[in-house]
Amino acid sequence: MEHKISIMVMSGVEDGQLHTCATANNDGLLELDNEAWVLRLGRHADNDICIRNDTYVSRYHARLHWRDHRWWLEDCNSRNGTFVEDRVEDARVFGTIPVEINQLFCLGHTWLRIQPPEE
Amino acid sequence: MFNIALRDILINAKQESFRMYHYYLGVEHLFIGLLEIQGGLTRSLIEAQGLTADYVIDAIRRQTGKGSQQRLWAGIQHTPRANIVMSIGNDLALEDGRQEMNERDLLIAILEENDSIPIRVMRKLGVDLEMLARESRTFVPDYTNSHPYVQIDYSPDFPVSPALNENQLFILRRMFDEYSQIRVERRLTGGYTQALIALVTPKQGDGSEDAPVVVKIDSADLILDEAMRYDQYVKTSLPPLTARLEEKPTTAESTDLAGLKYTFVAGVNRTEQNLRLGARDLGIQRVGRWLQEELYPYFGRTWWQARKPYRFQVWQEYDWLLPPILTLEYAGEEPSSSIQHVLRDPIRRRKLTELEYGDLVAVENFSVQRVYPEKDMIQIAIGKGSEAAKRAYKINVKNINLAQNAYYRGETLERIMGRVWKNREELLQHAAGEIFPTFDTRADHIPGIPEVEKLPNPLLAYEDLLELHVNGSLSKIHGDLHLGNILVGPNESAFLIDFAQTRDGHALFDWATLEISLINDLIVPVAGQEWTNAAQIARCVYAINRGAALPNVPPELAESFAPLQAVRDIVNECLAKQDKWAEYFVALTMCSLRAVTWDTMSIGGRRAMLLIAGLALHELRARPTRSTPGARTPSYFEDSNDTDITS
């Protein structure tokens with residue numbers, strides 16, 4: 001099965017930048033007979049999505065998992081935390097939590113968003 | 001200046017980027033650049049939505065946060081989103097036959113792109129973006145007729161002095177600009193706050209009067225916070241008939257003030273009266289019954305009665321009431337080798353008392369609560385936990401160059417350094433000195449009343465109390481429940497106003513606050529202002545604390561305690577554990593100690609407060625808390641697990 005994701009940077013110097021990953025380009029890691037897909041996010045260049053301009057982002061900061069037909073966000077014990085947007089106060093991510101398309105989440109000081117799939 | 005050219009906006013935007021250590025140009029900087037144009041289009045439109053430019057700028061800064069002072073690239077590059085916005089703006093200018101985009105083009109471009117940080121922030125603040133988009137295309141400021149003249153009359157009940165100042169009058173006219181005339185009926189404030197709260201009757205052009213509304217005018221930041229808080233916490237929990245905020249706040253570019261209107265759903269003709277002024281009309285005996293039978297049941301169902309078990313340390317709910325733990329003289333943000341003490345969560349209070357004048361202190365991960373541009377000072381606090389805990393351990397940092405450093409409310413400061421200028425003890429002792437005590441305010445005990453030989457000195461003894469764990473309850477609370485904020489409506493129904501402090505907090509906080517207000521507003525005027533009068537009040541409070549009959553005092557004074565007795569009956573229903581009164585005496589100690597520092601309270605009131613705080617502490621000591629075997633020091637409060645009474 002083919003997987004694809006587009007993530008838009010929503011703040012910082014790369015605000016508006018679109019990062020696209022796809023299994024067709026050998027991005028990420030396939031698991032469970034290709035049903036699950038894992039992407040790594042962080043400041044180090046060998047991440048699938050590299051955020052190099054935010055010193056508050058850890059080298060290996062977080063992961064996005066595609067599993068059971070939805071996206072999950074995992075914080076990898078990052079120094080400054082991963083957060084998801086909430087109405088009153090942003091909530092820190094501990095462990096792995098579900099994340100919606102179009103929901104904003106934050107690594108260090110950098111906000112990101114999973115874009116709806118193109119038709 | 002209206003519709004100015006792009007280059008001037010870019011100067012503002014770049015300055016903002018440098019102030020925030022961002023070193024790139026994003027849509028947020030462009031938008032702040034627009035907001036900073038005095039008399040500009042964006043500023044006017046934001047104001048028309050009941051916000052101020054500064055309030056929106058602070059909210060945007062909170063969203064982005066400051067960058068690091070270390071630069072990761074040279075020059076100042078545009079973000080991809082800023083490039084998109086600029087190209088939309090350029091197209092708009094070209095379509096209109098102009099070479100360069102102007103203020104309006106840039107604003108329209110930001111609104112069309114519709115996905116940037118300022119857009120998301122405005123959505124959170126409740127800005128109507130569709131209306132903004134419409135008006136950004138058509139709005140032209142009308143300098144000739146922007147402030148229609150509204151005639152202001154005063155009712156004979158309205159005191160001549162202090163007169164309303166020019167800025168208050170300006171906001172007031174603006175709030176009622178669809179009317180030709182208004183009458184200010186009476187002042188509803190009792191003076192704990194700087195805010196003006198007044199009852200106002202608007203009059204139509206044909207002379208007919210509309211229902212009176214309560215108007216509150218205060219600094220724009222506080223008013224806008226109150227409006228946000230009302231939307232988030234209050235709106236859904238109000239009983240069907242009460243005062244509501246129906247409109248957006250009114251702001252103005254020419255002043256830092258803003259105004260709110262509380263309208264009454266009942267829409268009646270008679271004028272509402274607050275309990276501070278109305279207690280005598282209602283009859284002092286009736287006030288108590290009214291609190292019990294009207295106010296408490298009517299609001300209680302969604303507020304104090306809807307409570308959940310809540311275990312907290314006293315400082316988490318009550319430290320913020322006290323004066324700042326430290327006042328520091330700013331000494332930069334860079335680490336230094338001569339730091340005497342680092343202050344960070346958790347705070348070691350014992351260490352604080354050892355600090356001396358001039359010691360260098362580093363404070364880490366505190367957040368900015370208030371910025372005082374006219375005093376070159378900021379106030380920071382711990383910024384974490386419950387609503388009240390966020391404001392605990394206030395520290396004032398003075399002599400900061402605020403023109404150079406962009407501090408904004410809600411900003412978390414990784415580190416700020418300062419030299420000790422004053423501590424909390426000095427401020428408390430100063431407040432005690434103001435009420436001219438005839439005794440040593442630095443001694444462990446103060447002379448009080450014949451019934452208690454050794455009254456603990458609250459100015460010293462509160463310290464141990466802050467560490468105590470309380471098994472109490474959490475509910476929605478008003479946060480400032482004094483008599484001035486309680487209105488008696490038609491058919492003697494209960495109305496509350498002023499939701500600036502409404503939050504989830506210790507359920508008994510409101511009742512301790514109300515007890516303080518009852519003593520100051522209804523009892524002290526009867527008793528008198530001298531220390532002997534304060535002692536007389538204290539003897540009565542002591543009897544009530546003990547559930548005993550009042551001592552032999554003049555009948556009029558005895559009568560004035562009836563409402564306080566009613567408050568205690570309400571408290572009895574709100575205690576987390578039946579008959580475990582220690583929970584309330586904790587709240588009463590802290591609320592009365594806070595009142596000692598209020599220079600707006602009468603001198604007799606503050607004298608009584610010092611004794612009442614001592615008495616509440618005495619009750620806590622007389623009802624020993626469960627102690628842990630092998631406790632380090634045999635203090636009354638130390639290391640106790642909770643406030644359970646063992647006897």
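The values are calculated or read from the model by the stated rules, or taken from the named source; none is laboratory data. Computed from a predicted model, the values in this text were never measured in an experiment. Glycine also receives a Cβ, built like all others from the backbone with ideal geometry; neighbour counts cover every protein chain displayed.
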Exactly one of B:Leu172, B:Leu241 is in a loop (DSSP other than H, G, I, E, B), aliphatic (A, V, I, L, M) and either within 24 Å of B:Gly39 (Cβ to Cβ) or not assigned by TED's automatic domain parsing to the domain that holds B:Glu36 (or both), and that one is B:Leu241
Of the conditions (1) surrounded by fewer than 18 Cβ atoms within 10 Å (Cβ to Cβ); (2) within 28 Å of B:Phe509 (Cβ to Cβ), the single one that B:Asp359 does not satisfy is (2)
Restricting region A:1-52 to residues that are within 12 Å of chain B (Cβ to nearest Cβ), outside any strand (DSSP E or B) and surrounded by fewer than 19 Cβ atoms within 10 Å (Cβ to Cβ), the one modelled with the highest pLDDT turns out to be A:Gln17
Among the listed residues B:Val287, B:Val314, identify the single one that is buried (at least 20 other Cβ atoms within 10 Å of the Cβ) and under 23 Å from B:Phe499 (Cβ atoms). B:Val287
Unique match (being aromatic (Phe, Trp, Tyr), within 14 Å of another protein chain (Cβ to nearest Cβ) and farther than 19 Å from B:Arg81 by Cβ) among A:Phe83, A:Phe94: A:Phe83
Where the second residue is assigned to a loop (DSSP other than H, G, I, E, B) and the first is under 10 Å from B:Leu518 (Cα atoms) and lies in region B:552-563, which pairs have Cβ atoms under 8 Å and are six or more apart or on separate chains? B:Phe561/B:Leu550
For B:Asp376, which of the numbered conditions (1) within 28 Å of the chain's Cα centre (by Cα); (2) farther than 25 Å from B:His430 by Cβ fails to hold? (2)
If I filter region B:1-43 down to residues being within 14 Å of chain A (Cβ to nearest Cβ) and outside any helix (DSSP H, G or I), which single residue comes out as surrounded by the most Cβ atoms within 10 Å (Cβ to Cβ)? B:Gly26
Restricting to region A:56-92, name every residue that is under 18 Å from A:Asn102 (Cα atoms), among the polar types (S, T, N, Q) and part of a loop (DSSP other than H, G, I, E, B). none
Can you work out which of the residues in region B:109-141 that are of a type in the set (Gly, Ala, Ser) and assigned to a loop (DSSP other than H, G, I, E, B) is farthest from the other protein chains (Cβ to nearest Cβ)? B:Gly126
Residue list for region B:273-298, restricted to those being within 23 Å of B:Met601 (Cα to Cα) and outside any helix (DSSP H, G or I): B:Gln273, B:Asn274
Just need a number here: residues in region B:71-108 that are crowded, with 20+ Cβ neighbours inside 10 Å, assigned to a loop (DSSP other than H, G, I, E, B) and within 13 Å of another protein chain (Cβ to nearest Cβ). 1
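Would you check which residues across region B:45-70 are assigned to a helix (DSSP H, G or I), more than 14 Å from every other protein chain (Cβ to nearest Cβ) and not hydrophobic (A, V, I, L, M, F, W, C) and list them? Give the steps one after another, and end with the answer.
First, the residues of region B:45-70 that are assigned to a helix (DSSP H, G or I): B:45-48, B:53-64.
So of that shortlist, the ones also more than 14 Å from every other protein chain (Cβ to nearest Cβ) come out as B:45-48, B:53-58.
Correct list: B:Glu47, B:Asp54, B:Tyr55, B:Asp58.
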Looking at region A:97-114, which of its residues are more than 11 Å from chain B (Cβ to nearest Cβ) and surrounded by fewer than 20 Cβ atoms within 10 Å (Cβ to Cβ)? A:Ile97, A:Pro98, A:Glu100, A:Ile101, A:Gln103, A:Ile114
